[in-house]
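Notes for the one structure printed next.
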Amino acid sequence: MSSATNNQRLVFSSELPENPMATKMTLKQDKTCGGRIRWNLIINVVMIAMAGFPFYLPLEATLGVNCFYALLWILFIFLAANTQSKIHQTMKKVSNNSQQPPNPTPIKFILMTFIYKEPLELLLKTLQNIQQQRIAKEIIMVVCMEEKTPEKETKIDAVFEQFKDCFDQLIVTVHPYGTPGEIPGKCSNNNYAIRSVLAHLRKNDSNFDPNKYFVTNFDVDTIFHKNFLDIQMMNILKEKDRNNFVWQPVLFYNWGLDKLSFFTRITGLARNMLMMGALIPLNINIMSVYTASLQLHIEGDFCHPTYQMDDIICYIRWKTLSRRALKIKPIYCPTISGPTSGSNMWQEFIEWIRQNKRWSVGSAEVFHYFVIKAPRIKLCSAFTWACNYLNYYASFICVQSLLLITTTIRLFAMETDPNLQQYFCIPLGVVYICLFCMMVMNKIAVKYLLKDIVVEIIPIWKDFIHWILSLIVMVGYGLIVFYGFWEIFFCGKGVCTHEPSKKKVLDAIVQRKDETVIEIHQQQNKI
């Protein structure tokens, strides 16, 4: 490890002797059938049992279940619309200067981004985006690399050359490869990086107080609004016990979506809507970009280095180990996150399948972790969270797709009553209406909330085709999730590895988008 004062190279690349990186846990491995017999099997049983409803329950009961999912769609759309409305109100207040953060700032931000095989150009664009924040000179910027990061030294040199004077501190951590008790991936990288930064702050600040530091964790394919940190700061300062909350900005996946395939676009719109309407309001889990106090990181023993989904596992780990009733608070500021991408439609489809499967495998493994740790928290809190988690990931995302298929088989292959077939069209029509509303909401967001950072040109006929195909995309997504849940059963925990999504094509898309934004702004200035 080497260290220096502000505006000099701070590169942590080995264990800190005063703060070992090893997490406070045993290195015990799953011995039962290679990690196959785990609590996530509950999810598999629930999915099979519910998917078979049409074949052993009265059709009236199956109709009721389909209506239940239609009602969930309505609820999630309503909550999402309410969240998007609050984003619009917040941005309006900020633009009118009716809300301003205190100066000087009473808290300090640590921003952490992660890079492995992502191109250097994407990392530099991300740091340039952070540099636009009003308080950029006051933040600690941490770039978290892996020991096997391609062209690592070149990337480190480029980062310090361009941004050494842009932040209060610029730190690069290099996660050692092959640490016992870890698996390669973002979780272990995150665990190493935040422990390294904590040891550095304790060593160099005699008045160090972890309650005054807040860590924003984000992927390298993230674009923040220029007022993001100010809005986040105002949200944090409203809370008295700030260690009881994790803050989640609303993510929009409109990063070149008009240039990508229909299945990528619909998945991105659905993830945005479900974050606003389900994940945040129901306190299910955080995703990709999140902020928590450094004190909560310490109480929650940082990030579990043997898991792959750092956002979900961090939320559960902090909730159980800190014994706090953690609440997810939204940051009403639009944040852009990169969707899956590929150099052509086929590669994009393969990447879409791979990432969707990875998310489902990660969802399954963290459910097992939660059940193991649940006795640490109150029964009511644990039961509520488990029900919401199962209802969302197992039931809404997966069973709904399976049930649509099995219901169709039951109605058209085994049932001759045309009236029953008409009744089942009602919940299906409701879902299609909600999908239409989802697309309209995103159109509104692009026009009024993302106008400074997103340019989308999509003809109406293309929107119509995407809407017609949207239900097929959601069914396909559910089938991939179903496959992922069973893959972890047949292959064991060894399948739980982190495969980073490809970003090279994404960088090309954002370059074209930046040029379009500049051109439009120039035209507006001429007018």
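Figures for the structure shown
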read-out: Filter result for SER196 (of a type in the set (Gly, Ala, Ser), under 19 Å from PHE12 (Cβ atoms), touching a residue at least 60 places away in the same chain (Cβ under 8 Å) and in contact with a Leu (Cβ under 8 Å, 6 or more places away or on another chain)); value: yes
read-out: Residues (among the hydroxyl-bearing types (Ser, Thr, Tyr) and outside any helix (DSSP H, G or I)) located in region 246-289; value: TYR253, SER261, SER288
read-out: Residue match in region 293-302 (condition: of a type in the set (D, E, K, R), crowded, with 20+ Cβ neighbours inside 10 Å, in the same structural domain as VAL197 (by TED's automatic domain parsing) and over 25 Å from GLY268 (Cα atoms)); value: no
read-out: From the options ASN243, ASN217, ASN207, residue that is modelled with pLDDT of 95 or more and either in a helix (DSSP H, G or I) or surrounded by fewer than 21 Cβ atoms within 10 Å (Cβ to Cβ) (or both); value: ASN243
read-out: Looking only at region 438-492, and only at residues there that are assigned to a loop (DSSP other than H, G, I, E, B) and over 19 Å from ALA270 (Cβ atoms), the one that is modelled with the highest pLDDT; value: PRO459
read-out: Inter-residue pairs, beta-carbon under 6 Å, first small (Gly, Ala, Ser) and in region 307-320, second assigned to a helix (DSSP H, G or I), 6+ apart; value: none
read-out: Flag for MET414 being under 22 Å from the mean Cα position of the chain (by Cα) and more than 24 Å from ILE286 (Cβ to Cβ); value: no
read-out: Only one of GLU118, GLU153, GLU147 that is more than 20 Å from ASP219 (Cβ to Cβ) and of a type in the set (Asp, Glu); value: GLU153
read-out: Filter result (in contact with a helix residue (DSSP H, G or I) (Cβ under 8 Å, 6 or more places away or on another chain), closer than 26 Å to LEU257 by Cα and not in a loop (DSSP other than H, G, I, E, B)) within region 292-319; value: ASP310, ILE312
read-out: Matching residues in region 360-405 - criterion: being in contact with a Lys or Arg (Cβ under 6 Å, 6 or more places away or on another chain) and acidic (Asp, Glu); value: none
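The values are calculated or read from the model by the stated rules, or taken from the named source; none is laboratory data. What you see is a predicted model; the values in this text were computed from it and never measured. Note that we place each Cβ from the backbone using ideal geometry, even for glycine, and neighbour counts take in every protein chain shown.
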